[in-house]
Number of protein chains: 2
Amino acid sequence: MTDLDFFFNPKTIAIIGASDTLRFGYTTTKYLLNSNFKTYPVHLSKPEILGHKAYKNIKDIPDEIELSIILVGNKHVPQAIRDSIDKGVNGIILESAGFAETGLDKNIKLQDEIIEIIKKSKTRVIGPNCVGISNFNNEFTSSEVQFNRVVKGDISIIAQSGVLGNVFIDWGSSQNIGFSKSITLGNKIDIDEIDMLEYLNDDPETKVITLYLEGTKRGKDLMEVLKKMTKPVLILKNGRSDIGSRAVKSHTSSIAGDDRIYDAMFKQHPGIFRVDNFYELFNIAHIFSSQILPKGKNIAIITGSGSLGILACDEIRKQGLSLAELSEESIQEIRNIIPDWVSIGGTIDLGPSQGYTLIPCLKVLFKDKNVNAIVFIFTVPRGPLEEFEGLEAGIKMSFRIINKLSKETNKPILCVSFGSRWVFEFIMNIASKFNIPVVDRIKHAIMAFKMMYEYNQYLKTKEI
Amino acid sequence: MTDLDFFFNPKTIAIIGASDTLRFGYTTTKYLLNSNFKTYPVHLSKPEILGHKAYKNIKDIPDEIELSIILVGNKHVPQAIRDSIDKGVNGIILESAGFAETGLDKNIKLQDEIIEIIKKSKTRVIGPNCVGISNFNNEFTSSEVQFNRVVKGDISIIAQSGVLGNVFIDWGSSQNIGFSKSITLGNKIDIDEIDMLEYLNDDPETKVITLYLEGTKRGKDLMEVLKKMTKPVLILKNGRSDIGSRAVKSHTSSIAGDDRIYDAMFKQHPGIFRVDNFYELFNIAHIFSSQILPKGKNIAIITGSGSLGILACDEIRKQGLSLAELSEESIQEIRNIIPDWVSIGGTIDLGPSQGYTLIPCLKVLFKDKNVNAIVFIFTVPRGPLEEFEGLEAGIKMSFRIINKLSKETNKPILCVSFGSRWVFEFIMNIASKFNIPVVDRIKHAIMAFKMMYEYNQYLKTKEI
């Protein structure tokens, strides 16, 4: 482990600018004061915050402090930093905004002043203009996370901004995507994506790393660290366009840079994958973290909907993969299972017969040597799912068998579900018990298998 | 109106192959027999179906029959068609599968046999291999629709296959997308997309038409009818790739054809827009049907998340639109409203200040002559939405004002929401009361405004 553990599992915490009114920082203050993390509120005027004795200055706290969380207005930040350094903290999470990202001279100067202060110390700083850290394993957070709703898992997130610190974790959890750690970096006056990539690469609780980047100040170091990564890294880099890049500047004062350079950098390193939006980022990470890597690029599609099967075919081609050509034997076996009005030209489109033909056909697909991975497109509407008794039990049993077949044959499978949220949750709740990810986009399913296949190829070259 | 009304509002119906057991057609049988639509079950052996007297043959029914719905096995279809024609029905919805789409000679011959039979009559036929018609206004359906869950609206759907007949309507309704009519065409031995485009273009209950196409048999006629359309048509055409096009053949026995020809055909006609997947199809139709057309291509972005604002900028550029350059006056007004740590370089990123700055800033945006349309990216997490009393009332009031401003200034606005389903539904339920669509993709919001701007330009040329 690197020496940044105090950010993720602080023994003692001070909150400078602790808030007991409904403003920024209130939720964090309330959560930490009521948590098992030893937390001291610091407030200029209030003697008590939410029932806890408050200190006028961090230096007044009669305890060693490992981590200081700073929430005060921008003008008060330099003093809060000096006090924290004097107190001897290991780390500072500086959440206050109002620095270089505003584009105003006085605020840029304020940021420079802080940089000068911390340069002279050994204290490490995350921020400013961020919501800091969440650790879903020990439930430490300097952000607004509802841990009772978060699914714990092995995907970690490095981001520049707050929206990933809570909004997208909220979304991910509602999709049964499991998270390990989340870091928002803000303006990055000290700690940046490179430090955190190194940390997470060594973190035993992290299997897949997702990085949302607006720009880096250390291009060469970023290239070096990406080269050394031993875990898959999915990257969302925005500010591709001129206006997007201008917006980056006013968001975290980053320089978006020439998008082609980033694109080339990411493409150069196997194991580094660029995606286009937050949904892709997390859906693909989800599949990466939960499924076996495909050993080849032949994808079989099985579905109750011909239309969606066709869209999947188009996507397979677009991603440079192949639709699995079944062996003559498999085709014959499937012909024996399904009614003659079912079509198996390309995709296996079971239509309304899927209730009794799905599992026998899947057995054939898993067994076929020409199949490397399977996408199951689930399209049963809400009506029958609600109405027909026994259907839920049948689907549960199917997923149990699917999971067993996947393990036995060492081939990945995933489920794409359409229809309403009710249907999605119905199938997700069943599938998640058997470790089968469910996503609502064919594109993400195929993209994930493509990246995972490439990652498998890359690992093979390393073995030699 | 054209003469196909009997498909959408049949005075009398016969169901040939009515089913009282849990197989294909059961839900339709049960629904229609219990509906206000005068429906007669036809069954070879059972004297009664779900408590209704059943007839051995449609010809035995002591009433005129306007529409016959055929659900029998493929071998029995020719006789059922002959009987229906003898009975003098105006239309047949032929749902049975097992014809040309299977690729088997005997089934192709069976389909040819039916074609010969209907050629000699005036009876119009939809199908085979489809789920027919749903009319969300009078609640007639030959498919499986739960009308109590469907949102009624003015978007109509022409599709080849069943997944649109229920699964995607289920999805759309859970997004508050309102539908008028849905038609699935299957193998199209008689009625095809051209007939239905003509019908819907004249239908006063349809404002936007969505078409899911696998291939047409009448390319020239399709071009002609598209030229004549006076309503916007959104088209999803799949089978773009070689393997996709092979799958099309085995799905509805259509010929996918050269994708470039279709692409050129759609691009040639203003008012015809091609999309890439079902979500785009319905989200964009939703925005089209509910919002004023933008008079220019300058889009303003207002959000609580800088990251998402940047992604929106990149998408605006990708779609060939412009980020609205605010007037000096507007910038000054906004500077007076927001705290100085809020950044307005490009997008208006209110950050945590949005609770009190959103509406004053929106007033400035709506008023600014350089702004033609507004995208509001909503990013409040679930925590505060649940915890803070008064927040819901505040948001409701905001949307009331937004709707008023939109009407007064004749400018469209829409909302993009991220976060969990809970958050999406929270904001959707409020926004829908004030006619503001909510989507979960920035891309769809920007695509919609682009198409709507182009449509507005097209309408202007027609006015001259």
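Which of the numbered conditions does A:L281 fail, given that it passes all the others? Conditions: (1) outside the structural domain of A:S245 (by TED's automatic domain parsing); (2) within 27 Å of the chain's Cα centre (by Cα); (3) surrounded by 24 or more Cβ atoms within 10 Å (Cβ to Cβ).
Answer for A:L281: the failing condition is (1).
Yes or no: A:E329 within 11 Å of B:I243 (Cα to Cα) and either surrounded by fewer than 24 Cβ atoms within 10 Å (Cβ to Cβ) or in the same structural domain as A:S173 (by TED's automatic domain parsing) (or both)?
Taking the combined requirement at face value, the residue does not satisfy it.
Please go through region A:109-141 and pick out each residue that is of a type in the set (V, I, T) and under 15 Å from A:G73 (Cα atoms).
Residues satisfying the conditions are A:I114, A:V131.
Between a residue in region A:252-280 that is under 30 Å from A:N107 (Cβ atoms) and any residue that is of a type in the set (G, A, S) and in a helix (DSSP H, G or I), which pairs come within a Cβ distance under 6 Å, given they are 6 or more apart or on different chains?
A:S253/A:A100; A:A256/A:S245
Collect the residues in region B:67-89 that are under 19 Å from B:V131 (Cα atoms) and surrounded by fewer than 20 Cβ atoms within 10 Å (Cβ to Cβ), keeping them in residue-number order.
Matches in region B:67-89: B:G73, B:K75, B:H76, B:P78.
Given the conditions (1) aromatic (F, W, Y); (2) farther than 28 Å from A:V438 by Cα; (3) assigned to a loop (DSSP other than H, G, I, E, B), report the number of the one that A:Y199 does not fulfil.
(3)
Among A:N370, A:N277, A:N336, which is the only one that is on the phi < 0 side of the Ramachandran plot and facing chain B (nearest Cβ under 8 Å)?
Criteria check complete, one pass: A:N277.
For region A:400-440, name all the residues that are within 14 Å of another protein chain (Cβ to nearest Cβ), among the acidic types (D, E) and either free of Cβ contacts under 8 Å to residues at least 24 places away in the same chain or assigned to a helix (DSSP H, G or I) (or both).
Result: A:E425, single match.
Name the single residue that is nearest to B:R317 (Cα to Cα) among those in region B:441-460 being within 13 Å of chain A (Cβ to nearest Cβ) and of a type in the set (A, V, I, L, M).
By that ranking, first place goes to B:I446.
Report, by residue number, each residue of region A:26-50 that is hydrophobic (A, V, I, L, M, F, W, C) and out of contact with any helix residue (DSSP H, G or I) (no Cβ under 6 Å at 6 or more places or on another chain).
The answer is A:L32, A:L33, A:F37, A:L44, A:I49.
Given the conditions (1) buried (at least 23 other Cβ atoms within 10 Å of the Cβ); (2) touching a helix residue (DSSP H, G or I) at 6+ places or on another chain (Cβ under 9 Å), report the number of the one that B:D190 does not fulfil.
Single failed check for B:D190: (1).
Residue check: is B:I446 in contact with a Ser or Thr (Cβ under 6 Å, 6 or more places away or on another chain), in the same structural domain as B:G306 (by TED's automatic domain parsing) and either of a type in the set (A, V, I, L, M, F, W, C) or outside any helix (DSSP H, G or I) (or both)?
No.
Tell me, please, whether a residue that is without any contact (Cβ under 8 Å) to a residue 24 or more places away in the chain, of a type in the set (K, R) and not in a loop (DSSP other than H, G, I, E, B) can be found in region B:61-81.
No.
Which of the residues spanning region A:1-28 are out of contact with any His (no Cβ under 9 Å at 6 or more places or on another chain) and at pLDDT below 95?
Once the filter is applied, which keeps residues that are out of contact with any His (no Cβ under 9 Å at 6 or more places or on another chain) and at pLDDT below 95, region A:1-28 yields A:M1, A:T2, A:D3, A:T21, A:L22, A:R23, A:F24, A:G25, A:Y26, A:T27, A:T28.
Among B:I299, B:I310, which is the only one that is in a helix (DSSP H, G or I) and either under 30 Å from A:T252 (Cα atoms) or not hydrophobic (A, V, I, L, M, F, W, C) (or both)?
Criteria check complete, one pass: B:I310.
Looking only at region B:174-184, how many residues end up being within 11 Å of the chain's Cα centre (by Cα), within 28 Å of B:I92 (Cα to Cα) and not charged (D, E, K, R)?
So the count comes out to 5.
Sort through B:Y31, B:Y55 and tell me the only one that's within 35 Å of the chain's Cα centre (by Cα) and aromatic (F, W, Y).
B:Y31
Out of region A:289-315, which residues are in contact with a Pro (Cβ under 6 Å, 6 or more places away or on another chain) and either within 8 Å of another protein chain (Cβ to nearest Cβ) or buried (at least 24 other Cβ atoms within 10 Å of the Cβ) (or both)?
The one that is in contact with a Pro (Cβ under 6 Å, 6 or more places away or on another chain) and either within 8 Å of another protein chain (Cβ to nearest Cβ) or buried (at least 24 other Cβ atoms within 10 Å of the Cβ) (or both): A:P294.
Among residues belonging to region B:104-121 that are in a helix (DSSP H, G or I) and within 14 Å of B:I85 (Cα to Cα), point out the one that is nearest to the other protein chains (Cβ to nearest Cβ).
The qualifying residue nearest to the other protein chains (Cβ to nearest Cβ) is B:I114.
Looking at region B:206-264, which of its residues are small (G, A, S), within 14 Å of chain A (Cβ to nearest Cβ) and not in a loop (DSSP other than H, G, I, E, B)?
Those that are small (G, A, S), within 14 Å of chain A (Cβ to nearest Cβ) and not in a loop (DSSP other than H, G, I, E, B): B:G244, B:S245, B:A247, B:S250.
Matching residues to (1) among the hydrophobic types (A, V, I, L, M, F, W, C); (2) at the interface with chain B (Cβ under 9 Å from one of its Cβ atoms); (3) crowded, with 21+ Cβ neighbours inside 10 Å; (4) free of Cβ contacts under 8 Å to residues at least 40 places away in the same chain:
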position	(1), (2), (3), (4)
A:I348	yes, no, yes, no
A:Y356	no, no, no, yes
A:K363	no, no, no, no
A:P381	no, yes, yes, no
A:P384	no, yes, no, yes
A:F388	yes, yes, no, yes
A:E392	no, no, no, yes
A:S398	no, no, no, no
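Taking the criterion of being at positive phi and either buried (at least 18 other Cβ atoms within 10 Å of the Cβ) or in contact with a strand residue (DSSP E or B) (Cβ under 6 Å, 6 or more places away or on another chain) (or both), would at least one residue in region A:15-35 satisfy it?
yes
The values are calculated or read from the model by the stated rules, or taken from the named source; none is laboratory data. Since the structure is predicted, the reported quantities are computational estimates derived from the model, not experimental observations. Don't worry about glycine lacking a Cβ; one is built from the backbone with ideal geometry, like all the others, and counts go over all protein chains shown.
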